[in-house]
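Chemist: What follows is a single structure, and I will ask about it in a moment.
Nothing in this text is a laboratory measurement; each read-out follows from the coordinates by a stated rule. Owing to the predicted nature of the structure, the values given are computational and were not obtained by experimental measurement. As a convention, Cβ positions derive from the backbone with ideal geometry for all residues, glycine included, and neighbour counts pool all protein chains shown.
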Amino acid sequence: MTQHYDALETRDSTSREAALMAALPGQVARAKNASPAFAEILKDVNPATVIDRQALARLPVTRKHELLERQQASRRAGGDVFGGFSAVAFGGQMPRVFASPGPIYEPEGAAKDYWRMARAIYAAGFRPGELIHNCFSYHFVPAGSMMESGAHAMGSTVFPGGTGQTEQQVQAIIELKPAGYIGTPSFLKIIVDKAAEMGVALPSLTKAMFGGEAFPPSLRDWFAERGIAGYQCYATADLGSIAYETEAREGLVIDEGVIVEIVRPGTGDPVAEGEVGEVVVTTLNPDYPLIRFGTGDLSAVLSGPCPTGRTNTRIKGWMGRADQTTKIRGMFVHPGQVSEVIKRFPEVARARLVVTGEMANDVMTLRVETACGGPDGLVAKIADAIRDVTKLRSQVELVLPGSLPNDGKVIEDARSYK
């Protein structure tokens with residue numbers, strides 16, 4: 001068996017980028033023509049001009065809270081439950097509908113491996129002809145179906161274990177002898193601990209693919225000590241697979257069916273390679289054509305290709321949440337407002353708003369990276385811009401380029417809440 005799922009994973013980067021950019025105008029047109037929501041969002045966009053990443057970066061970012069708001073407004077009006085985002089309707093084109101917290105309703109299209117999970121499952125070491133014990137939920141949320149459809153596309157059999165019933169899970173693993181587990185890492189730990197408590201071994205479980213939770217190195221090592229090699233996948237109910245871990249364990253390789261950008265939180269502006277920002281994804285799924293969908297997750301691009309020979313871009317994995325909206329002196333301040341301020345000053349490279357003091361006695365300080373020494377009253381001008389944009393007074397501190405942490409934070413709440 002080859003270690004790669006297909007030839008797409010190892011094509012040269014130039015060919016991949018050309019193929020993605022060739023598909024992009026058609027996907028933007030599909031979204032605009034078949035999705036009422038994107039017909040409005042992209043009303044001033046000519047899809048034929050969206051032929052490269054620079055053109056893509058000029059399109060608006062649609063974030064999950066905006067999708068939810070549109071769905072809620074549509075439902076209140078007795079309209080489309082999907083808020084106009086789905087390009088397919090109930091019936092043969094949409095076998096299932098799922099619900100995520102909100103609730104946000106997500107359609108499942110009829111395409112084989114609709115969520116594109118087979119590639120990630122294969123990278124985690126699973127192969128055709130094996131039995132997989134799937135412990136993601138099968139009700140309401142799509143996680144169970146996402147993994148099952150991917151396993152079927154790969155040629156594997158699935159035991160739909162779902163969640164709960166720990167002793168029965170142990171019994172099924174003992175008797176069915178699956179090759180591995182798919183689910184959250186915390187639930188597999190519960191199962192392994194329960195098996196130890198029952199005095200039984202689970203020798204068939206040698207691999208696992210995890211999602212839905214953080215998978216720290218300490219837990220990875222805990223499973224390895226028990227003979228289980230665990231790998232992460234990064235997927236969402238809206239987008240399906242975004243990126244996946246390989247045996248190299250050096251970041252996550254981006255899936256072949258999406259275009260990923262890393263942008264400054266609160267904006268749609270791409271950041272430099274290696275800088276932490278929000279993961280924004282454009283999917284090539286024609287049934288649910290999300291264009292520049294903001295995940296709200298932080299990550300960063302890793303330089304160079306994966307040592308396994310996969311040539312797509314790698315990201316570091318989940319590094320926190322991008323929504324840093326903070327209430328200061330009774331007013332909400334958003335990362336986008338900080339970006340609006342610094343855009344007025346070309347000599348400013350990056351900025352970070354630090355909020356200190358105690359509640360009701362807040363102190364705002366905008367720390368600004370610049371090579372300049374404050375010519376022409378730069379500090380005062382920036383302070384005026386902050387007040388203009390946020391309606392709040394702020395101190396301004398100039399720091400040298402590279403001084404601010406590379407953690408994706410635009411607003412840091414360092415107040416005491418005692």
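Chemist: To the nearest 0.05, how large is the calculated FRET efficiency for residue 332 and residue 157 if R₀ is 60 Å and r is the Cβ-Cβ distance?
Modeler: Details: r = 51 Å, r/R0 = 0.84.
Efficiency at R0 = 60 Å is approximately 0.75.
Chemist: Let me ask you something else. Give me Rg/Rg_expected for the stretch 326-413, where Rg uses Cα atoms only and Rg_expected = 2.2 N^0.38 Å with N residues. Can you show the working numbers first?
Modeler: Numbers: Rg = 12.2 Å, N = 88, 2.2 N^0.38 = 12.1 Å.
The reported ratio for this selection is 1.01.
Chemist: Straight-line reach only, C-alpha to C-alpha below 25 angstrom: list the lysines that residue 194 could link to, leaving out same-chain residues fewer than 8 apart.
Modeler: 177, 207
Chemist: With no solvent and one equal point scatterer per Cα, compute the Debye intensity ratio I(q)/I(0) for the stretch 7-315 at 0.07, 0.12, 0.14 Å⁻¹ and report its log10, rounded to two decimals.
Modeler: Reported log10 I(q)/I(0), two decimals: -0.28, -0.82, -1.09.
Chemist: Would you kindly calculate the mean projected area, averaged across all directions, of the convex hull enclosing the Cα atoms of the stretch 110-239, in square nanometres? Present the calculation step by step, with values, prior to reporting the outcome.
Modeler: Values: hull surface 29.4 nm².
It is 7.4 nm².
Chemist: Mind putting a number on the dipole of the stretch 102-204 about its Cα centre? Charges go on the C-beta only, +1 for Lys and Arg and -1 for Asp and Glu, and I need it in Debye to the nearest 20. Working shown, then result.
Modeler: Working: 7 positive and 9 negative charges, 58 e Å.
With Lys and Arg at +1 and Asp and Glu at -1, about 280 debye.
Chemist: Which of the helices in the chain meet the span-like rule: DSSP H, Cα axial reach of 24 Å or more, Kyte-Doolittle mean at least -0.5? If you can, show how the numbers build up before the last one.
Modeler: On the way: long enough: 13-34 (30 Å, -0.06).
Correct list, ordered by number: 13-34.
Chemist: Using +1 at the C-beta of Lys and Arg and -1 at the C-beta of Asp and Glu, which of 128, 150, 234 has the Cα lying farthest in the positive direction of the dipole of the chain?
Modeler: Of the candidates, 234 comes out farthest on the positive side.
Chemist: What number, in percent, do you get for the relative contact order of the stretch 326-413 if the mean sequence gap of Cα pairs under 8 Å and at least 6 apart is divided by its residue count? Walk me through the numbers on the way to the answer.
Modeler: Values: 139 pairs, mean separation 29.9, N = 88.
It comes to 34 percent, rounded to a whole number.
Chemist: Once you place label points 7 Å from the Cα toward the Cβ at residue 380 and residue 177, how far apart are they in nm?
Modeler: It is 8.2 nm.
Chemist: If you don't mind, another one. Determine the dipole magnitude for the chain: charges of +1 sit on the beta-carbon of Lys and Arg, -1 on that of Asp and Glu, nothing else is charged, the reference point is the Cα centre, and the result goes in debye to the nearest 20.
Modeler: Values: 44 positive and 48 negative charges, 124 e Å.
The calculated dipole for the chain is roughly 600 debye.
Chemist: Between residue 40 and residue 167, how many nm apart are label points set 7 Å from Cα along the C-beta direction?
Modeler: Calculated label separation equals 5.3 nm.
Chemist: Sticking with this structure for a sec: Specify which residue in the list 408, 160, 33 is farthest towards the positive end of the charge dipole of the chain, using unit charges on the beta carbon of Lys, Arg (+1) and Asp, Glu (-1), about the Cα centre.
Modeler: My answer, from the dipole projection, is 33.
Chemist: Can you work out the Karplus-derived ³J(HN,Hα) for every residue in the stretch 270-284? Use 6.51 cos²θ - 1.76 cosθ + 1.60 with θ = phi - 60°, whole Hz, and x for glycine or proline.
Modeler: Taking θ as phi minus 60°, the curve returns x, 9, 5, 4, x, 7, 6, x, 7, 7, 10, 10, 10, 9, 8 Hz for the stretch 270-284.
Chemist: Please identify, among 62, 283, 325, the residue showing maximal mean-square fluctuation in a Gaussian network model of the chain using a 10 angstrom Cα cutoff.
Modeler: Maximum among the listed residues: 325.
Chemist: Determine, for each peptide in 274-282, 3-11, 188-196, the mean count of other beta carbons within 10 angstrom over its residues, then list the peptides with the highest first.
Modeler: Values: 274-282: 22.3, 3-11: 15.8, 188-196: 17.4.
My ranking of the peptides, most packed first, is 274-282, 188-196, 3-11.
Chemist: Could you work out how far the C-alpha centroid of the stretch 1-64 sits from that of the stretch 273-339, in angstrom?
Modeler: Value for the Cα centre distance between the two parts: 16 Å.
Chemist: List the lysines whose Cα sits under 30 Å from the Cα of residue 64, skipping any in the same chain fewer than 8 residues away.
Modeler: Cα-Cα hits under 30 Å: 32, 43, 112, 316, 327, 343, 391, 409.
Chemist: How big is D, in µm² s⁻¹, for the stretch 105-158 by Stokes-Einstein at 10 °C and 1.306 mPa s if Rh is the Kirkwood radius over C-alpha pairs? All intermediate terms of the calculation are to be shown ahead of the outcome.
Modeler: Numbers: Rh = 11.2 Å.
It comes out at roughly 142 µm²/s.
Chemist: Further question: Could you size up the charge dipole of the stretch 326-413 around its Cα centre, putting +1 on the beta carbon of Lys and Arg and -1 on that of Asp and Glu, and report it in debye to the nearest 20? Could the numbers behind the result be given before it?
Modeler: On the way: 12 positive and 12 negative charges, 42 e Å.
Using only the charged Cβ atoms, the result is roughly 200 debye.
Chemist: By per-residue mean of other Cβ atoms within 10 Å, what is the highest-first order of 234-242, 306-314, 70-78? Kindly include the intermediate steps, with their values, before the conclusion.
Modeler: Details: 234-242: 23.0, 306-314: 19.1, 70-78: 13.8.
Peptide ranking by packing, descending: 234-242, 306-314, 70-78.
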